[in-house]
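Below is one structure, written out as structure tokens; comments come after it.
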Amino acid sequence: MLRLLFAAPFVLIIVVFALSNRQMVQLGLWPTDVSVELPVALAILVPAALGFLLGAVVMWFAAVAQRRRAGRAERRADLLAADLAKLRAAPRAGTALPPA
């Protein structure tokens, strides 16, 4: 529900932007004579969406590496904690009190 509350204003802004920018614009690929005519809103929103998705993929790969490192560190910490528990449970030599 909270996600919808944050996403709704952005969606509303994008819809209003698209509806208010329906003029056609001609986009051309410079070294060639290839050109396409499409609405201004589409010419702006599609590259923005592709850039967003590309950024999300890059961040996802970075997060995967971080999660992998965190998993290794957690396993190492668990092993060290188990070793520490064994050492604390083992009787120490020379610490026993002499008989009275």
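Descriptive notes on the structure:
- Taking every C-alpha pair closer than 8 Å and separated by at least 6 residues, the mean separation divided by the residue count of the chain gives a relative contact order of 14 percent.
- Looking at region 22-75, the trypsin sites (Lys or Arg not before Pro) that sit in a DSSP loop and have at most 10 other Cβ atoms within 10 Å of their own Cβ are 22.
- Relative to the dominant Cα principal axis of the chain, helix 2-20 is inclined by about 20°.
- Using R0 = 25 Å, the C-beta based FRET efficiency linking residue 40 and residue 11 works out to 0.85.
- Projecting the Cα atoms of 10, 27, 80 onto the charge dipole of the chain (Cβ charges, centred on the Cα centre) puts 80 farthest toward the positive pole.
- Angle between the chain longest axis and helix 40-89 axis [Cα atoms, degrees, rounded to 10]: 0
None of the figures in this text is laboratory data; all of them are computed from the coordinates on show. Given the structure is predicted, the values throughout are model-derived calculations rather than measurements. Every residue, glycine as well, gets a Cβ built from its backbone with ideal geometry; the counts of neighbours run over all protein chains shown.
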